[in-house]
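Single-structure report; data block below.
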Amino acid sequence: MTSSLKKLAVLILSALILISFSIILTPQTYAADGDENSVELTVKAEGMFKPDSATLVKSGGKKTLIIRDDSTSYDKYYVGKASAARLYGYGSGAVNPTQETIDGKNYQVFTVDVTGIDLSKSFIISTHSKKKLTWYERTVTVNEKEKILDTVAGDGASVSAKDGVENATLKETTEKIETEMTEEQAKAYVDANDSPLLVAGLIGEIYIHPKKTAEEQAAQAVLTEKTAKIAKYAYDKLSDEDKKNVPEIPDGLGYEYPGAGGADYFVSTGDASKDDPLNTKPDKKKEILVCSFGTSYTDSRVATIGGIEKALAKTYTDYSVRRAFTSQVIINHILARDEEKINTVREAMNQAKEAGVTNLIIQPTTLMNGEEYDQIKRDVEQNKWDGVTITFAEPLLGMAGDSADTINEDKTAVARTAAEAAVKDDGKDVSALTGDSDTAYVFMGHGTGHAANITYTQMQTAMTGLGYKNAFVGTVEGEERNDPNNAVSAVLKKVKDGGYSRVVLRPLMVVAGDHANNDMNGTDEDSWRTIFEKAGFKVEGQIAGLGQIESVQKLYVAHTLKAMSEQVDQMKKDSDATKAELEKAKAELARAKAEYADYKAKVELAASSISGVKAKAGKGRKITVSWKKNSKAEGYKVYRSTKKSKGFKAVATAKSGKTVKVTVKSGQKKGKTYYFKVRGYKKIAGKTCYSKYSKVVKVKAK
C-alpha cells in the first residue's frame, strides 16, 4: 500500500470512530421496531437511592432500562413492590448487577426489562440493601421527551428480608424450625423473619409421605403437629397481600412435594366444627372402621364421608363407627389449617387394639377395588392383631369385573342415582336423559392404572343400558393414560358427535374435592370446563360428591351388613368360636338386619313422594283431595293453606295406606281459593317418618 493510501485509510477509520463515539454520546430518538437506539437519561433522585446515570434502550420491540450506581449498598433490583420482592426477588425475578468500569470508576450496572410498562406513568422498582437485608421501594418515572429519570422513595417504604427466608437457605431453616427449635423459639423466629417464602417452606415440611414403621411415624407425628402449628402461625401473621403471595413449595431444595401448597393452602373450605373426625378410642368391642383416601375440602368431607359415617352409626348401634384416612398429605393439611386430627389406618387400628376390639368391619368409601382399596387392605393387614376378626366390606360399586359389559346391581343403582341427581340439580327431570335434549351430562371419574379402571367403562355401559343417551363418563387420568374410552378427548368427541350445545359437568367421585373443583371445574387450560368451553359449549359445573346422596349412603350401609353376615359365617367355620359366642353373634346380626331394614324403609320413604294429587270442590264448601297410593307409606296427611308456598297446616289424616281420598268438610269459605298438598308417613322404630310432599294443587270452594 502506498503512503498516500495509508493516510487515506487512517482518515477514514478515524472518521468512523468519531461517528460511532458521537452516536454513543448523543441522546437519540427511538427507531422503528427491529432497529436499536438508546436514550441517555438525566437522573433526578430524592432520598438515599441516587443512581449515577441511566440509559433507556429499545431493540426489536423490547425496552430495557440500564441503571449505573457507583455505590455497593444495593445488590438486587426487582420490578414490583417490596412485599413481592421479598417473595420472588431471590430467584428468577431478581435483577443482579454486572460490573462496569468507566473512566477508571467502578459501577454496578442493573439491566431492567421494562417492556410492557407504560413509561408515561410511574412504576415501582424495589432495591435490596445488602447490609440491612431489607427491600426498599422506589417510585420511578421516565420522561422520554425530556430525557429524565425521576426516582423517589415508594409509598410502601421497606420490607425486611432477614436471614433464614432466602430461597438458598430455606430448607435448612425450616428443618431447624421443625427439629431443633421449641415451639416458643420457632414462633419467636417467625416474629422476626416471617415472609410468604418461609410459610411455603414450612408447608413443605408437613407436605410429606407417611413413614415406614410405626415408631418412625409416631416420632414424625410429634414433629408434624408442632410444625403445622408454626406454619399456621406464620401464615396468620402475614398481611392480606402477603397471604395472596405465598408461593408453591420450592423445587430443587429437597422438599418431598415441590409445586404443591401455595396461596390457598390455609384458605378455609368450610366450617371444620361441623366435621366429627371420629378419632377417639372405640367404646364397644365391635367396630366399623370407615376408611377413605380423604379430602381437605371441609364442606364436602362433612356431607360425603361424614354422611356415610353417620348413616352407619345411626343404623348399627352395637358398633363403634370411626374414621381413618390413607393420605398423610390430607391428614396433615387438615391438621395445619383446622387443628383437626384425623387418624391414619395404623393409628385407628392401634386404638382399636388397645380398646380390645374383637370384631372389626372395614368399610372402604372407595368407588372400586382399585389402588386405594388395595392400599387400605395392605394397611389393615400390616396392623392387625391376635384375637380380632376382620372382614372387608365392598366398595361402593362392588368388585370390578373383567368385561366392560359386567354390570352389577350397585353400578346400575349408582349410575341411575348420579344421572338423576345431575338432571335434578339442572332443574329438569329424568326425561332430560332419555328424550331429545341440547344438554350432555358428563361425569368425571378419577381413573387409575389398576385393572379396576374398567369400572368406568362399565359405568358408561350402565348409563347407556338405562337409556341415558346423553350421559357420558370419562376420567381425569384418561388422557395421560391414553385411555381410548375415558380420555377427555374421547368424551369431547362423543359430545360433539351428539350435536349438543350445552354441557353439565359433575364428578363421578364419592367426594367433591380437588379434582372436582380444579381438574373438572377450574379455570386452568387443562380443566374440563376450559376444554369444553374452548370447543364452543356452554358449560355448567356441579360440585357434589356421590357420598352426600342418601341412596348412595344406603348402599354403603348394605355393604356393611353383608360384611357382618360374612363375619358370622366365618365364625361358624371357626373351631375356636364357642357355642355361646356364635349364638351371641347370630343375635347381634339379627338385630343389625332389623336395624338395616328400618333404615332402608326410612330412606326409601323419604325419597318417595305422593303423585296424582287432585282437589275437587263439592257442595257446602267441602273439598275432596285424592292421590295415588304410595307403597312405602302406611298413612297420609293432607295440608291446606290460603297461599301457594307457605302457611300450610295439616287438616286431615288418612290412617290407612290404602286410603287415597279424604274430604275436608270445614274451614273453607265460599268463593275463596285454597291450596293443598299431601305427604305419606310411616312409624319406623317408634318414630314417625315422612315422604316428600306432593305438588301443590289449588281449588276454589263452592
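The values are calculated or read from the model by the stated rules, or taken from the named source; none is laboratory data. Keep in mind it's a predicted model, so treat the numbers as computed, not measured. Positions of Cβ are generated from backbone atoms using ideal geometry, with glycine treated the same way; all protein chains shown enter the neighbour counts.
Below is a table of values for the structure above.
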{"read-out": "Complete set of residues in the stretch 335-352 that are out of contact with any helix residue (DSSP H, G or I) (no Cβ under 7 Å at 6 or more places or on another chain) and small (Gly, Ala, Ser)", "value": "ALA348, ALA352"}
{"read-out": "Yes/no for LEU289 being in a loop (DSSP other than H, G, I, E, B), outside the structural domain of PRO210 (by TED's automatic domain parsing) and within 23 Å of LYS377 (Cβ to Cβ)", "value": "no"}
{"read-out": "Members of the stretch 675-689 found to be surrounded by 14 or more Cβ atoms within 10 Å (Cβ to Cβ) and either out of contact with any strand residue (DSSP E or B) (no Cβ under 6 Å at 6 or more places or on another chain) or in a loop (DSSP other than H, G, I, E, B) (or both), listed by number", "value": "ILE684"}
{"read-out": "The listed residue being surrounded by fewer than 17 Cβ atoms within 10 Å (Cβ to Cβ) and either more than 30 Å from LYS469 (Cα to Cα) or touching a residue at least 60 places away in the same chain (Cβ under 8 Å) (or both), out of GLY435, GLY387, GLY401", "value": "GLY387"}
{"read-out": "Test: residue in the stretch 565-572 that is under 21 Å from GLY686 (Cα atoms), among the acidic types (Asp, Glu) and modelled with pLDDT of 85 or more", "value": "no"}
{"read-out": "Qualifying position, being in a loop (DSSP other than H, G, I, E, B) and surrounded by fewer than 12 Cβ atoms within 10 Å (Cβ to Cβ), among LYS692, LYS669, LYS702", "value": "LYS669"}
{"read-out": "Some residue of the stretch 217-226 being part of a loop (DSSP other than H, G, I, E, B), in contact (Cβ under 8 Å) with a residue 12 or more places away in the chain, in contact with a helix residue (DSSP H, G or I) (Cβ under 9 Å, 6 or more places away or on another chain) and crowded, with 17+ Cβ neighbours inside 10 Å", "value": "no"}
{"read-out": "Which listed residue, of LYS284, LYS243, LYS226, is out of contact with any Gly (no Cβ under 6 Å at 6 or more places or on another chain), at pLDDT below 95 and not polar (S, T, N, Q)", "value": "LYS243"}
{"read-out": "Neighbours by Cβ (under 7 Å, 6+ apart or cross-chain): first from the stretch 324-346, touching a residue at least 60 places away in the same chain (Cβ under 8 Å) and under 17 Å from LYS384 (Cα atoms); second among the small types (Gly, Ala, Ser) and surrounded by fewer than 20 Cβ atoms within 10 Å (Cβ to Cβ)", "value": "ARG346/ALA214"}
{"read-out": "Answer residue from the stretch 646-658, given it is surrounded by 14 or more Cβ atoms within 10 Å (Cβ to Cβ) and not in a strand (DSSP E or B) and is farthest from the chain's Cα centre (by Cα) among those", "value": "GLY657"}
{"read-out": "Single residue of GLU248, GLU256, GLU205 found to be within 27 Å of the chain's Cα centre (by Cα), crowded, with 20+ Cβ neighbours inside 10 Å and not aromatic (Phe, Trp, Tyr)", "value": "GLU205"}
